[in-house]
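One structure below.
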Amino acid sequence: MKLESFWQATAPQFHGAAQGSLPSRADVVVIGGGFTGVSAALSLARHGLDVVLLEGGEVMSQASARNGGHCNTGVAQNFASLVASQGIEKATRFYRAYDDAVSYVEQLVRDEQIDCDFRLCGKLKLASKASHFAGLRDACELMRRTVDPDIALLDKEEIRREVDSDAFHGGLLQKRGGQMHMGKFGVGLAESAARSGAKIFPCHAVTGLTRLEGYRHRVQTARGDILADRVLMATGCSNVGPFRWFQRRIVPVGSFIVVTEPLGDAAIRKVLPQDRTYVTSLNLGNYFRTTADRRLVFGGRARFAVSNPTSDSRSGEILQATLASLFPALAQARIDYCWGGMVDMSADRLPHAGEHDGVFYSMGYSGHGTQMSVWMGAVMADLIAEKSNRNPWQRDAWPALPGYHGKPWFLPLAGLYYKAKDRFS
């Protein structure tokens, strides 16, 4: 079992890195080389702006290439709960933003001819307990009336035609869910940005950020400084670097994934005959999907912990055991890849995007970032270029988490809380 991301291990090499030294100035400096940053750089370059992207490591080396590979419609939380907390107007706008985001990814793949195994296959949320099915039924009725007339509720008998497991009591099918190879897509997107004129500098960690006036900043790196007329923060967890304001608002939470050996078409057809993307209804649940070479990608928050080699390995063992319990037919499947990644979780489990102290930002995707981060890169580029303002995530205030200063000391307690909720719900 390799402790590395399947997406990164099987992606092409990025050849579009800028050559030479860092320029002295730019119209826009983008901090972060994941989906948000690279998508923004692509759009900014197409707007005719001189854009420099700074990434502390390699392009697409963090959450954008260390996730479960889903590209789905729908918000992170139950839609009915979102309506209760935000009201029907906001909840509807948020839901439709995710639908727009999936469509944008689909369009980018087509227009840029990115070879990344993209396909729309539907997302199925599985009721892990009989009591959870009632909640899915209520959500289905509400969503069908308001945001998604094509949504479908499947009972326990119908779910067995979707998933060969005794573990589930029904499901909720959203038909525009999709998937793709995250590494291939990310590298393809970065190559497109470079071809369009964006200057992408890997291994240029930002060490200082000083506001000069208005939106203008001096951006410092160990390899030189650059003056920027605008700055976009696209760093996900933001837990490394001089970003204290963001660090008090984003909690890095580990999510862990294993990938099996190639299983073959017959095994896949037996276990997952409709071959969709899947997520279970538990708070500490799982998500899974297949790959083009017929592997199973199986993930979840196996442990409430940060990602590191020891934590990833222990979580991989838990995930392997869970996979075997849900799908006994795959109990002997070899695990070829195991890795973890940090989810940029916000307190309300919704993205946040806007401007603070002259710095533009978009982050806090809370485990539903693949599609939204790509779309928000384009949205923030339009905002910065003063073309349009389509940002659905601008809020009047984004309060810091009380008692939190960037180190998630409370993760073990959160894990115990969610385990208890799963046990007694």
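Whether any residue in segment 376-387 is open to solvent by 30 Å² or more (accessible area, probe 1.4 Å), in a helix (DSSP H, G or I), out of contact with any Pro (no Cβ under 8 Å at 6 or more places or on another chain) and not acidic (Asp, Glu) is what I want to check. Break it down into steps so the answer makes sense when it comes.
Going residue by residue through segment 376-387, those that are open to solvent by 30 Å² or more (accessible area, probe 1.4 Å) are 383, 386-387.
Now drop any that are not in a helix (DSSP H, G or I), which leaves 383.
Still in the running and out of contact with any Pro (no Cβ under 8 Å at 6 or more places or on another chain): 383.
With not acidic (Asp, Glu) added as a condition, the list becomes 383.
Scanning segment 376-387 turns up at least one residue that is open to solvent by 30 Å² or more (accessible area, probe 1.4 Å), in a helix (DSSP H, G or I), out of contact with any Pro (no Cβ under 8 Å at 6 or more places or on another chain) and not acidic (Asp, Glu).
Among the residues that make up segment 390-406, is at least one of them without any contact (Cβ under 8 Å) to a residue 24 or more places away in the chain, among the basic types (Lys, Arg) and farther than 30 Å from VAL271 by Cα? Let's see the steps before the verdict.
Going residue by residue through segment 390-406, those that are without any contact (Cβ under 8 Å) to a residue 24 or more places away in the chain are 390, 396-397, 402-403.
Those still in the list that are among the basic types (Lys, Arg) too: 390.
From the residues that got through so far, the ones that are farther than 30 Å from VAL271 by Cα too are 390.
For segment 390-406, residues without any contact (Cβ under 8 Å) to a residue 24 or more places away in the chain, among the basic types (Lys, Arg) and farther than 30 Å from VAL271 by Cα: present.
TYR278: open to solvent by 10 Å² or more (accessible area, probe 1.4 Å), among the hydroxyl-bearing types (Ser, Thr, Tyr) and either in a strand (DSSP E or B) or touching a residue at least 24 places away in the same chain (Cβ under 8 Å) (or both), yes or no?
Details: open to solvent by 10 Å² or more (accessible area, probe 1.4 Å): no; among the hydroxyl-bearing types (Ser, Thr, Tyr): yes; either in a strand (DSSP E or B) or touching a residue at least 24 places away in the same chain (Cβ under 8 Å) (or both): yes.
It is false that TYR278 is open to solvent by 10 Å² or more (accessible area, probe 1.4 Å), among the hydroxyl-bearing types (Ser, Thr, Tyr) and either in a strand (DSSP E or B) or touching a residue at least 24 places away in the same chain (Cβ under 8 Å) (or both).
Closer than 28 Å to GLY34 by Cα and assigned to a loop (DSSP other than H, G, I, E, B), is that true of LEU284? Can you show your working first?
Numbers: closer than 28 Å to GLY34 by Cα: yes; assigned to a loop (DSSP other than H, G, I, E, B): yes.
So LEU284 fits the description; yes.
Would you be able to say whether some residue in segment 23-37 is open to solvent by 50 Å² or more (accessible area, probe 1.4 Å) and not in a loop (DSSP other than H, G, I, E, B)? Can you show your working first?
Taking segment 23-37 as the starting set, the residues that turn out to be open to solvent by 50 Å² or more (accessible area, probe 1.4 Å) are 24-25.
Among the residues that remain, those that are also not in a loop (DSSP other than H, G, I, E, B) are: 25.
Yes: segment 23-37 contains one or more residues that are open to solvent by 50 Å² or more (accessible area, probe 1.4 Å) and not in a loop (DSSP other than H, G, I, E, B).
Within segment 180-194, track down each residue that is outside any loop (DSSP other than H, G, I, E, B) and in contact with a helix residue (DSSP H, G or I) (Cβ under 9 Å, 6 or more places away or on another chain). Write out each step before concluding.
Initial filter on segment 180-194 (outside any loop (DSSP other than H, G, I, E, B)): 182-194.
Residues satisfying the conditions are MET182, GLY183, LYS184, PHE185, GLY186, VAL187, GLY188, LEU189, ALA190, SER192, ALA193, ALA194.
May I ask you to list the residues in segment 286-301 that are open to solvent by 10 Å² or more (accessible area, probe 1.4 Å) and under 16 Å from ALA324 (Cβ atoms)? Walk me through how you get there before you give the answer.
As a first pass, look at segment 286-301 and keep what is open to solvent by 10 Å² or more (accessible area, probe 1.4 Å): 286-287, 292-295, 301.
If the condition is that a residue be open to solvent by 10 Å² or more (accessible area, probe 1.4 Å) and under 16 Å from ALA324 (Cβ atoms), then ASN286, ARG295 are the ones that fit.
From the list SER373, SER313, SER325, exactly one residue is outside any loop (DSSP other than H, G, I, E, B), touching a strand residue (DSSP E or B) at 6+ places or on another chain (Cβ under 8 Å) and surrounded by fewer than 16 Cβ atoms within 10 Å (Cβ to Cβ). Which is it? Full working, then the answer.
Values: SER373 fails: surrounded by fewer than 16 Cβ atoms within 10 Å (Cβ to Cβ); SER325 fails: touching a strand residue (DSSP E or B) at 6+ places or on another chain (Cβ under 8 Å).
Only one candidate qualifies: SER313.
I'm checking my understanding of the structure. Among residues of segment 174-197 that are open to solvent by 10 Å² or more (accessible area, probe 1.4 Å) and aliphatic (A, V, I, L, M), which one is farthest from PRO12 (Cα to Cα)?
Among those residues, the one meeting the criterion is ALA194.
Under 6 Å between Cβ atoms, which residue pairs at least 6 apart in sequence (or on different chains) link something in segment 336-348 that is over 19 Å from LEU323 (Cα atoms) with a partner that is among the β-branched types (Val, Ile, Thr)?
Cβ pairs passing all conditions: VAL343/VAL253; ASP344/ILE250; MET345/VAL251; MET345/VAL253.
Working only within segment 50-66, note down all residues that are open to solvent by less than 30 Å² (accessible area, probe 1.4 Å) and either part of a loop (DSSP other than H, G, I, E, B) or charged (D, E, K, R) (or both). Lay out the reasoning, then the answer.
The first filter runs over segment 50-66 and keeps only residues open to solvent by less than 30 Å² (accessible area, probe 1.4 Å), leaving 51-55, 57, 59-61, 64-65.
Result: GLU55, GLY57, VAL59, MET60, SER61.
From ILE151, ILE200, ILE159, grab the single residue that is open to solvent by less than 50 Å² (accessible area, probe 1.4 Å), of a type in the set (Val, Ile, Thr) and touching a Lys or Arg at 6+ places or on another chain (Cβ under 8 Å).
Details: ILE200 fails: touching a Lys or Arg at 6+ places or on another chain (Cβ under 8 Å); ILE159 fails: touching a Lys or Arg at 6+ places or on another chain (Cβ under 8 Å).
Checking each option against the conditions leaves just ILE151.
Just checking, how many residues over segment 271-290 are of a type in the set (D, E, K, R) and in contact with a helix residue (DSSP H, G or I) (Cβ under 8 Å, 6 or more places away or on another chain)? Even if it seems obvious, please write down each step before you answer.
Of the residues in segment 271-290, the ones of a type in the set (D, E, K, R) are 275-276, 289.
From what's left, in contact with a helix residue (DSSP H, G or I) (Cβ under 8 Å, 6 or more places away or on another chain): 275.
So the count comes out to 1.
Six or more apart or on different chains, Cβ atoms under 6 Å: show the pairs whose first residue is in segment 172-193 and of a type in the set (Asp, Glu) and whose second is not in a helix (DSSP H, G or I).
GLU191/GLY16
Limited to segment 351-367, what total is found for residues that are in a loop (DSSP other than H, G, I, E, B) and buried (at least 23 other Cβ atoms within 10 Å of the Cβ)? Lay out the reasoning, then the answer.
Just the residues of segment 351-367 that are in a loop (DSSP other than H, G, I, E, B), to begin with: 351, 357-358, 364-367.
Those still in the list that are buried (at least 23 other Cβ atoms within 10 Å of the Cβ) too: 351, 364-366.
Result for segment 351-367: 4.
The values are calculated or read from the model by the stated rules, or taken from the named source; none is laboratory data. The structure displayed is predicted, hence computed values, not measured ones. Because the Cβ atoms are built from the backbone with ideal geometry, glycine has one as well, and the counts that use them run over all protein chains shown. The accessibility values were calculated without ligands, DNA or RNA, using every heavy atom of the protein model including side chains. Shrake-Rupley method; radii C 1.70, N 1.55, O 1.52, S 1.80 Å.
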